[in-house]
Structure formats: C-alpha cells, structure tokens
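Quick notes on the structure that follows.
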Amino acid sequence: MKFNVSRLRISTAMTVVSVIMIAASISAIGLVVYSIISDKVREQATDGQNASLRVAATILERTVDGVNVSWGKDGNVEKIVVDQFPDFEEHSMIDTVGRMTGETATVFQWDPESRDFWRKTTNIVKPDGKRAVGTPLGQKGAVYPVLTGGKTFRGEAVILGLPYYTIYQPIFSKAGEVTGILYAGVKKDEINAIIGEILGKLAFAFVIVLAVSGTLSVFISRILLKPLPVLSAITQKIANDDFEADLPYTERSDEIGELAKSVRTFQQRGLERVAIAAEQASDRAASEQRQKRTEQLIDGFRNTVQGMIDSVEETAHGMEETARALTDIARESAGQASETAAASEEATGNVETVASAAEELSSSISEISRQVGQTTEIVGRATIGAQSTNEKISSLANAANKIGEVIGLIQDIAEQTNLLALNATIEAARAGEMGKGFAVVASEVKELATQTSKATEEIGAQIAAIQSSTTEAVEAIGEITRTMDEVNGYTSAIASAVQEQGAATVDISRNVQQAAQGTVAVTGNMATLSQAVAQTNASAEDVLNASTAVTGKTDQLRQEINHFLQEVSAA
C-alpha cells in the first residue's frame, strides 16, 4: 500500500517527517563518520605496520650480523641491505617483533630456482597450528611484481587464504639485487572488528540520539501545534454553521495568530451570512404573504367578475331567446296580417258584387241571398282572424314588456360592470407598473359596459317603438272588429230585406256603399298593422343582434380578464 503523509494529522506528520529527517541526517553523519573512522583505522593500521616494520628492521639489524638498515627523514625504513642472508634456525627474533608490535611479521628469502620468495621465519600460524615457514609468497598476487621491481608494497594481500593489511619491504644484497622481504601486517578481520565495534557504539549512540530527537520532536510539535486541533474544531463548527464558539490565539503574532485571525474572519462572515439569510428569509416570507394576498384578491376578483359575466351572459342568452321568440311572433303576425288583408280585399270584392247584384235585385233575389250568405261567412272569418291577431299582438306586447325588463336588468349589470371597471382602474393605478395590463383590461371592460349600456338604451327605444306599434295594432284590430260587426249587421239587414222582399234598391245601394267603405277601412288598417309588425320584426332583429354582440363581448371580456389575472399571478 502506498503511504500518504497527507492522511496523517499535522503533528503526527511533522513528527514522522522530523524523525525521518533526523534518521537521514544521522545516517548521513554515520556514513561520513564510518568513512572517516575506516580511513583513520586503516591509516592507523598503516602507521602501525610502519612502526612494526621499524621494530622488525631494528631487531633484525641488532640480532643478525651483516644487516644494514637505512632510515628516511620521516623515521621509516628506507632500505635494508644484507651482506649474507642468515639461516634462521630458530624464531625468537620474529616472535620478539610480534610481542612488541602485536602484529604478524615474516622474513622472506629469494629462491632463484623457483623464482619466488619463501618464508624463512614468521609468526603466522597455519590452520594446523604450525608456523607457515617454507611457504612461498606466490607469483600471482599483487605483491610479487612490486617486490621484484625493488619497491615497497603497502595494501591488502591474501595470506594463506586470509586478507591482511600489509607492508612488504624488499631486502637488497650488496649487489643491489632483491634477495629477500621483511613483512609486517595485521589481519583485515581484526581491523574490521575494530571498525565494527566503533560503528556499533556509534550506532547505539545514533539510536539514542534518534530516540531523544524523536521524543523532543513529538514534544515540541505538540507544543507548537497545540492550537491547531482547537482551531480545527472551531473551523468544523463554522462549517456546521455554528459561529458562536470563542476563538483563542488571535493575540499571537506568529502563523498561529494569523490563522486564528483568518478563522475569526470566516466566523464573522458566517455571522453576516446568517444575518443576511435571516433577512432574506424574512423578505421571502413577506413576499410570499404579499403573493398570497395578491392571489386571494385575484381569486376574489375573478369570482366576482366571473359571476357578473355569467349573469350578463345568461341575461344576454335570455334576451337572445326572447328576441328570437319576438321575431317568430312578428313573423307570425305578419302572416296573419297578410291573411286578414286578403280577406278584406275579398270582402271588398264581394261588396262590389253585392252592389252589382243590387242593381239586378229585381231580377234575382236568390242570387242576392247567396251573395249575402257568402259575405256573412267571409266577414265571420275576418272577425275570427282579427280576434286572433289581437291576441297575438297582445302576446307581442307582453313579450315586449318582458324584453324591457331584461333590458333594464342588462342596464343595471352594465352600470355595475362599469363601476367594477372603475374600481379595477383605481386598484391598477395603486399597483403601479404591475397594474398597467390590468388597467388596460379594466378600460376595455368599461368600454364594453358603455357599449352594452348604449345597446340596451337603443334596444329599449326599439322596444318602446314595438310597444307603441302593438298598441296601435291593437286599436286597429279593434276597429276592424267593430267594422266586421257593422258588416255583419249590414248583411243581416240585407238578409231581412231579402226575406221581406220589400227593401228598396236605394237602401240596398247605400248599405252596399257603406260596406265598401268599411272594407276599404279594414284594408287600410291591415296595411298599418303589417307596417307595425314589420317594425316589430326589425326591432326583434336588433335585439337579437345586440344580444349576440353582448355574448361575444362577454367572452372577450372573460378572456382579457383571465389573461390579465394570469399575468398578475406570473408577476
């Protein structure tokens, strides 16, 4: 799993980082110290080898005749010359060197036959516990070519399979040839053991330093970062919209103080945001209350206006039905008037026939009697038609009166609508910019109410004309009825005269002339009645058209009011 420092707490992360940095620093220092100590130990080993070589050369020079040692300015052995290489039968000299130096020492002698250097005396012991006397140096190592070149070898060398730090000093003959070697050395494992012991102690010291440093780092980080958990908890409260917590550390002048001041800024802004949110909530509540009140007013106005419009529409429909009934009655009255006029003309023709027959009265009483009977029958039918027309005209008058009542109701509704439109205009003016559309609709409603009032006034005038015409028609029909009664009396007199067979021809002619005048009067009255019926029909058509217009206007008014109320609700 990949380690992520960002998931740790700051104090833990700082401690981990500090410990890692301290460990890295200690490791780096350890590497440097190890390098220094290793170099120093090796340098001391080299110095020890030089010292051992000096001791060995000194003892060799003192104990063996013919050995001459030259010393350099630094006190080290510069050259060893031997007159004759000694035969080492015993090893006390080399053991003395070992005791004094604590290191290994060996004297090699050159063998021309094997062309190698052989150990003559040494304190190096083989694995079997015996001295390594009689063993060669070996030509394959790094030492052989250096020594055969007459130079001193310093460095690592493997002796009997073990690594050593060594120094090989060539021994020259008087002729200047390398005739032997004086060796001093120490096992590499011993040097490494010394280095390992030093490093162990150093590592222990480093562990102690690391532990102490880690503890101090934890302690210091906790002291330095102690305010962070407090500020973090307050920040968490601020994130949860809790802005009432006390905020410490704002008086500090370091980064913690700056952080605390920043948190205080967030806290203050949060309080401001809460205040703004509360104010906005209050504004929203007030706005919702105003909207609710507006919707209530709109619903009330819609219901009131809708009721009035429905009443106007219902009245208009009633007026339309009444107008249609009035039209039907007028048309029926026109038909009856035409029929009565035809009957009057027929009566006139019959009277003229009676006049002609009167001149021939003397020749044919029976013909006169027949004509008189026919005339009586026609007059009876005319009388019945006049009575029926009178009843229909009376119904027409009653319908006209009802229409007048409906017109009055429409006039009242129009005035009421006009008053509502005026109130709506006032409310729209109070509403300001939002009420402009409603003011237009109210103006349209007012104009429609005015047009309705004018239409009802015109319809009222037409109804008054219809009522006047029906009154005249009733009077004319009454006159026709009376005339028919007179004609009936005349025909009765003619019948009596025929029965008595004694009436004079002059009286018959006079009566016939009077009958002719009566039929002419009937014809004139019927023409007047037809004209009145035509006027009634025209007025009924006007009422029908006006009622249709009122219905259309109410639909338009309903649409405009609904559109206005939708606009107001949307706003």
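The values are calculated or read from the model by the stated rules, or taken from the named source; none is laboratory data. Note that the structure is predicted; figures quoted are calculated from it, not measured. When we count neighbours, we look across all protein chains shown, and the Cβ atoms used for this are built from the backbone with ideal geometry, even at glycine.
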Of residues in the stretch 119-138 being of a type in the set (A, V, I, L, M, F, W, C) and buried (at least 16 other Cβ atoms within 10 Å of the Cβ), the one farthest from residue 99 (Cα to Cα)
137
State whether the residues of the stretch 30-48 include one that is in contact with a strand residue (DSSP E or B) (Cβ under 6 Å, 6 or more places away or on another chain), within 19 Å of residue 170 (Cβ to Cβ) and part of a helix (DSSP H, G or I).
no
Lone qualifier among 69, 97 - being touching a residue at least 40 places away in the same chain (Cβ under 8 Å), of a type in the set (Val, Ile, Thr) and outside any loop (DSSP other than H, G, I, E, B):
97
Can you find a residue in the stretch 135-147 that is in the same structural domain as residue 109 (by TED's automatic domain parsing) and within 18 Å of residue 95 (Cβ to Cβ)?
yes
Per-region count, the stretch 561-571, residues at pLDDT 75 or above and of a type in the set (S, T, N, Q):
2
Which strands (runs of 3 or more DSSP E) does the stretch 139-253 wholly contain that include 2 or more residues that are surrounded by 14 or more Cβ atoms within 10 Å (Cβ to Cβ) and among the aromatic types (Phe, Trp, Tyr)?
162-173
Would you say residue 267 is at pLDDT 85 or above and assigned to a helix (DSSP H, G or I)?
no
Mind checking whether some residue in the stretch 544-560 is small (Gly, Ala, Ser), buried (at least 16 other Cβ atoms within 10 Å of the Cβ) and either within 60 Å of the chain's Cα centre (by Cα) or at pLDDT 70 or above (or both)?
yes
